[in-house]
1. Would you work out which of His144, Val383, Asn78 lies farthest towards the positive end of the dipole of the chain? Charges go on Cβ: Lys and Arg +1, Asp and Glu -1.
2. Mind checking which of Val420, Gly459, Val103 is farthest towards the positive end of the chain's charge dipole, using Cβ charges of +1 (Lys, Arg) and -1 (Asp, Glu) about the Cα centre?
3. Contour minus end-to-end for Glu26 and Thr609, with contour as 0.36 nm per residue of separation and end-to-end as the Cα-Cα distance?
4. At 1.4 Å probe size, with the rest of the protein present, what percent of the exposed accessible area of the chain is carbon and sulfur atoms?
5. Pairs Lys133/Lys495; Lys159/Lys247; Lys349/Lys540; Lys31/Lys161: which are spaced more than 30 Å apart, C-alpha to C-alpha?
6. Averaged per residue, what accessible area in Å² does the stretch 473-632 show with a 1.4 Å probe, protein chains only?
7. What is the antiparallel percent of DSSP beta bridges lying wholly in the chain, to the nearest 5?
8. Hey, what's the Cα Rg ratio for the chain versus the globular rule of thumb, 2.2 N^0.38 Å?
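The values are calculated or read from the model by the stated rules, or taken from the named source; none is laboratory data. All values derive from a computational prediction rather than experimental measurement. In this analysis, Cβ positions are derived from the backbone assuming ideal geometry, glycine residues included, and neighbour counts consider all displayed protein chains. With ligands, DNA and RNA removed, areas are computed over all heavy atoms of the protein, side chains included. Shrake-Rupley method; radii C 1.70, N 1.55, O 1.52, S 1.80 Å.
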Amino acid sequence: MQYSTAAFEKEYTYEGTDLGATWSPEGTVFKVWAPTADWVQILLYPTGDPKNREVLQTLPMEKGKRGVWTARASGDLNGIYYTCHARVERETVEVCDPYAKAVGINGHRAMVIDLASTDPAGWERDRDPNGGKPITQAVICELHLRDLSVDPKSGMTHKGKYLALTEKGTHTPGGESTGLDHFCDLGITHLQLLPVYDYGSVDEAAPDRPQYNWGYDPVNYNVPEGSYATDPCRGEVRIREFKEMVKAIHDRGISVVMDVVYNHVYHRDSFCFNRLVPGYFSRINDRDEYSNGSGCGNDTASERSMVRKYIVDSVKYWADEYHIDGFRFDLAGLLDVKTVRQIMAAVSKEHPNVLFYGEGWHMGTALTRPDVSLCDQGNAPLVPGFAFFNDTIRDGLRGSVFAADAPGYVSGNGELTGAVADCFRGRAFWCPKPAQSINYVSCHDNLTLFDKLTVSSPGAYREQLIARNKLAAAVVMLSQGVPFFQAGEEFLRTKRDARGVVDNSYASPDSVNRIQWGLLDQPEYARVRDYYRGLIALRKSSPDWQMTETSQVERSIFPIEGLGDRVLGFWIRGREEWCVVLNPTNREVTLNLPQGTWELVVNEKNAGTAPLGVFTRTVQAAPISAAVLRKQ
Ligand code: CA
């Protein structure tokens, strides 16, 4: 493959920062990287609708160094749509600009844009409200935009739209907070949005047809998704509304994390980059097939210089233009270490507080060069500023994701006790330090926590299932590392259709995926939410739950022995002194306390920072519960 030769890399690696359309009131400069094209033109259009074929103007492009083609148009082109028209490998193609900053309906055509005109009032003063804190002070909640608001009892007006996150004072019929108010009350620091870049699986032209997708099918990497905008036809609307959303979240003290999916694209053959430079963006194996480690039909060749640049430029753009405070990388294990390090270096230069984490699963992929390290858990020491989803604590607490009926530690599986003990101290076997561990028991993938507990514990009472849920939450919130949960876990989220629980709801209807806010009007659900809120408050109250380094853990956290089979206990001697008992058994456990007076702050019913009782000598941990005590 010619692209993989050193000569090609040397000849055609472009380092400029001006690919795409650069607007000014006097004129717009277009630059397109297409080193193997015979010719390239820019076609200007009055609309973004591909059915309207009226071309305003054809701009021939001139080939310059490094495979970059350039055209200039004078006058104010803000709001004019355009495509790249090229002859490549004996084929004529017309595609959206891979560097498009704005697009029309369904992302077929790019749009020239004056980005400053999309800034909401006060945007220049908008900042990450949690900037300057280490990642272990974050409490991350994962949310799909549509799930947030579509429920009839959400109390929100802008159902399924970016603007739902700008609404204040929303509540259930019974008066319980919903939407952004709910997440503020809960105390989270970071809201992670499932894909909000322009993806392909929802038809933006059919807003009234029932459609749903998580959005792991990127089409235009540098543009917000249109179906979440009030008008997907006008390129500037989705940009403005996206920024309004970010600002509204920031104004409430919460940072915004984007789920980014650079490891594969929606359609490898129709992806605009691959059409302009055929096959360059994607890995191909030695049988000439697309590499498929992602399971989505194509793996991104991040190790190629202009793919790496594209990804680095894209992440930096979201941080610069949209004030994004963190990036969750889908299947980071398919991206190469050098690319991830370059992303972090490029973004951190101007945004030193941005968080980076992702899925570090080790996956088979056909690299285009042999000398490449992948960004998976095993290579965590090579990317010290990057955190990984911790499947050890996830599967340890709730049971394996690969067998629905496999119980975890909280459901009585004693074999996982050691793994949970390691993870409580931020010491999963693959993890170099707590700051690289994203601790969780639920995310959009697989069964929800409550469904998993239900399926893996046939015959259990509902009260037992709720107790196990609360115990799992206590472990996630109080383990060293970074707590993370799927929105709705905090009130027993379930995803069910007529056939039962749904373990992969990526294209399931709203009825399965929506957050069912009305449940909060029932005391059983509200109590679980209150328990989560208390755990989060406790976690945020002391640096003892937020250690970043293994050396801190080793000199501060000690196991308590002798509590009996499957029961875990820890002394924490940090800024304060704490005792933690994790009791997944059906028996009450007695802990002998060291000298002094101890305040109980977490028991089977309540969690928080206020004392629930004062103890000397001994304390009991109820069946299936966590107990946490703080020395007076
Ligand atoms: Ca779209």
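1. Of the options given, the answer is Val383.
2. Working it through, the farthest residue towards the positive pole turns out to be Val420.
3. Full extension from Glu26 to Thr609 adds 203.9 nm.
4. 47 percent
5. Long pairs (Cα-Cα over 30 Å): Lys133/Lys495; Lys31/Lys161.
6. 40 Å²
7. Working: 69 of 96 bridges.
Antiparallel: roughly 70 percent of the beta bridges in the chain.
8. 1.00
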